[in-house]
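Here it is: the structure, laid out below.
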Amino acid sequence: MVRKITFSILFMALVLFSICIGQTKLKLDFGTVCSSINFDWSIAGDEQGKNPNILSELSYDDILSLGFYINLRYRVLQRCYFTLKIENAEHLKGKGSDIDYIEDNRLQPSYELNFESNKGCSQQLKSGVQFEMYKIRGNIVSIGSSYINSYHLFSMTSKNERSLDTWYSTREQGIDFNVKATIDFKEKVYINGSFIYDIVSYKAIGNWNLIPAFRHPISFMQESNGKNLTGIITIKSRISKDWFILLEGSFINKNIRKGTDEAYLSNGTTHITQFNGANGMSKSIKLGILANL
């Protein structure tokens with residue numbers, strides 16, 4: 001939260017400075033976002049990634065979320081502008097599984113639970129700089145970089161296991177590098193394509209409330225690093241001089257590398273194993289309004 005406030009204050013200070021020197025051009029788009037998320041992770045039995053190589057595996061499938069987004073862009077030089085993106089969504093429904101194994105390579109399952117994941121949320125803050133390398137009328141190619149801070153909270157409940165009420169949350173912070181291209185069709189319809197590469201640090205915590213051997217409410221913590229690859233297609237249609245309707249589709253592929261999993265036991269000790277990493281895919285659709293102010 002402190003970093004969010006710090007970057008927001010810095011961003012607004014830069015905006016006010018640019019207004020004072022008369023260089024700012026403001027673009028604002030906002031609207032609704034609907035997403036579908038699939039996400040899974042696993043741990044091994046020990047720090048070397050053995051005994052077995054997959055001890056426990058969690059999968060969250062078809063997590064449907066609905067929320068809102070706001071994008072701001074302030075031009076401070078002829079070809080340079082600052083950007084700010086805020087996105088927040090609530091999870092509406094989903095499912096998942098928790099499976100433990102005795103042998104390597106997912107052999108001999110010792111425990112299996114299917115659960116619902118119909119609570120939780122997704123949040124993202126991005127603040128950065130974009131530079132237009134090529135511009136002829138409405139046809140633009142730009143490159144940029146942003147600071148990223150994203151948060152996900154996944155829930156676990158079950159009709160068959162009434163006492164199950166637990167959660168798993170992730171925090172990713174890092175930097176992205178992007179390339180964006182916009183094609184102008186007679187100044188009425190614009191098609192924008194973006195490719196984004198993120199480098200992030202990953203930190204997750206969870207509460208396994210059914211297992212008395214763990215401490216609560218934080219039973220374990222995982223730390224690692226990873227990357228995200230994002231592809232975006234945006235269509236903007238002009239409805240007046242400075243107003244547009246916006247439709248956007250995006251696809252994100254998440255890959256978090258091996259790291260550490262530190263479990264906190266109720267007897268006061270800790271147990272460290274290998275975090276095998278996490279993988280995820282999400283698809284989203286945005287519908288919004290864009291204004292030149």
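Select from the stretch 172-202 the residues that are hydroxyl-bearing (Ser, Thr, Tyr) and open to solvent by less than 20 Å² (accessible area, probe 1.4 Å) and list them in ascending order.
Passing the criteria: 194, 202.
Now for a different question. Which one is nearest to residue 202 (Cα to Cα), of the residues in the stretch 155-169 that are assigned to a strand (DSSP E or B) and in contact (Cβ under 8 Å) with a residue 40 or more places away in the chain?
Residues of the stretch 155-169 assigned to a strand (DSSP E or B): 155-157, 165-169.
Checking the rest, the ones that are also in contact (Cβ under 8 Å) with a residue 40 or more places away in the chain come to 155-157, 165-168.
Values: 155: 19, 156: 21, 157: 25, 165: 24, 166: 20, 167: 17, 168: 13 Å.
Only one residue tops the list, namely 168.
Follow-up. What's the total number of residues in the stretch 100-125 that are open to solvent by 30 Å² or more (accessible area, probe 1.4 Å) and either of a type in the set (Lys, Arg) or part of a strand (DSSP E or B) (or both)? Talk me through it step by step, then tell me what you get.
If we filter the stretch 100-125 for residues that are open to solvent by 30 Å² or more (accessible area, probe 1.4 Å), which is where we start, we get 100, 102-112, 114, 116, 118-119, 123-124.
Next cut, either of a type in the set (Lys, Arg) or part of a strand (DSSP E or B) (or both) only: 100, 102-103, 106-112, 114, 116, 119, 123-124.
So the count comes out to 15.
Next question, about the same structure. Taking residue 45 as the residue in question, decide whether it is in contact with a Leu (Cβ under 6 Å, 6 or more places away or on another chain) and either of a type in the set (Val, Ile, Thr) or farther than 30 Å from residue 128 by Cα (or both). Give the derivation first.
Numbers: in contact with a Leu (Cβ under 6 Å, 6 or more places away or on another chain): yes; either of a type in the set (Val, Ile, Thr) or farther than 30 Å from residue 128 by Cα (or both): yes.
When the stated conditions are applied, residue 45 passes them.
Has the stretch 54-63 got at least one residue that is hydrophobic (A, V, I, L, M, F, W, C), part of a strand (DSSP E or B), open to solvent by 30 Å² or more (accessible area, probe 1.4 Å) and under 30 Å from residue 289 (Cα atoms)? Step through it out loud before you land on a result.
As a first pass, look at the stretch 54-63 and keep what is hydrophobic (A, V, I, L, M, F, W, C): 54-55, 58, 63.
So of that shortlist, the ones also part of a strand (DSSP E or B) come out as 58, 63.
Applying the additional criterion that residues be open to solvent by 30 Å² or more (accessible area, probe 1.4 Å) yields none.
No.
Can you list the strands (runs of 3 or more DSSP E) lying wholly within the stretch 221-293 that have 3 or more residues being more than 30 Å from residue 168 (Cα to Cα)?
243-256, 270-292
Checking residue 289 against (1) within 19 Å of the chain's Cα centre (by Cα); (2) open to solvent by 30 Å² or more (accessible area, probe 1.4 Å); (3) in contact (Cβ under 8 Å) with a residue 60 or more places away in the chain, which test does it fail?
(1)
Now a separate question. Checking residue 173 against (1) assigned to a strand (DSSP E or B); (2) without any contact (Cβ under 8 Å) to a residue 24 or more places away in the chain, only one condition comes out false. Which one?
(2)
Scan (1) basic (Lys, Arg); (2) more than 28 Å from residue 92 (Cα to Cα); (3) exposed (fewer than 15 other Cβ atoms within 10 Å of the Cβ) for the single condition residue 162 breaks and write down its number.
(2)
Can I ask one more? Determine which single condition residue 131 fails, assuming it passes every other condition in (1) within 24 Å of residue 278 (Cβ to Cβ); (2) in contact with a Ser or Thr (Cβ under 7 Å, 6 or more places away or on another chain); (3) not polar (S, T, N, Q).
In the conditions (1) within 24 Å of residue 278 (Cβ to Cβ); (2) in contact with a Ser or Thr (Cβ under 7 Å, 6 or more places away or on another chain); (3) not polar (S, T, N, Q), residue 131 misses (1) alone.
Among the numbered criteria (1) open to solvent by less than 80 Å² (accessible area, probe 1.4 Å); (2) out of contact with any Phe, Trp or Tyr (no Cβ under 6 Å at 6 or more places or on another chain); (3) modelled with pLDDT of 95 or more; (4) under 24 Å from residue 228 (Cα atoms), which one does residue 39 miss?
The number of the failed condition is (2).
Could you list, in sequence order, the residues of the stretch 203-227 that are without any contact (Cβ under 8 Å) to a residue 40 or more places away in the chain and either of a type in the set (Val, Ile, Thr) or open to solvent by less than 60 Å² (accessible area, probe 1.4 Å) (or both)?
Within the stretch 203-227, 205, 211 meet the criteria.
What pairs can you find where one residue is in the stretch 132-154 and among the hydrophobic types (A, V, I, L, M, F, W, C), the other is at pLDDT 95 or above and assigned to a loop (DSSP other than H, G, I, E, B), and their Cβ atoms are less than 7 Å apart, with a gap of 6+ or different chains?
Going by the 7 Å Cβ cut-off, the qualifying pairs are 154/117.
Within the group 285, 289, which residue is modelled with pLDDT of 95 or more and either within 25 Å of residue 200 (Cα to Cα) or in contact with a Pro (Cβ under 9 Å, 6 or more places away or on another chain) (or both)?
Exactly one of 285, 289 is modelled with pLDDT of 95 or more and either within 25 Å of residue 200 (Cα to Cα) or in contact with a Pro (Cβ under 9 Å, 6 or more places away or on another chain) (or both), namely 285.
Residue-by-condition table, conditions (1) at pLDDT below 95; (2) touching a Gly at 6+ places or on another chain (Cβ under 6 Å); (3) not charged (D, E, K, R):
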{"site": "197", "(1), (2), (3)": "no, no, yes"}
{"site": "218", "(1), (2), (3)": "no, no, yes"}
{"site": "223", "(1), (2), (3)": "no, yes, no"}
{"site": "230", "(1), (2), (3)": "no, no, yes"}
{"site": "249", "(1), (2), (3)": "no, no, yes"}
{"site": "255", "(1), (2), (3)": "no, yes, yes"}
{"site": "280", "(1), (2), (3)": "no, no, yes"}
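The values are calculated or read from the model by the stated rules, or taken from the named source; none is laboratory data. It should be emphasised that the depicted structure is a prediction, and the values quoted were computed from it without experimental measurement. In this analysis, Cβ positions are derived from the backbone assuming ideal geometry, glycine residues included, and neighbour counts consider all displayed protein chains. Keep in mind that these areas ignore ligands, DNA and RNA; they rest on the heavy atoms of the full protein, side chains included. Shrake-Rupley method; radii C 1.70, N 1.55, O 1.52, S 1.80 Å.
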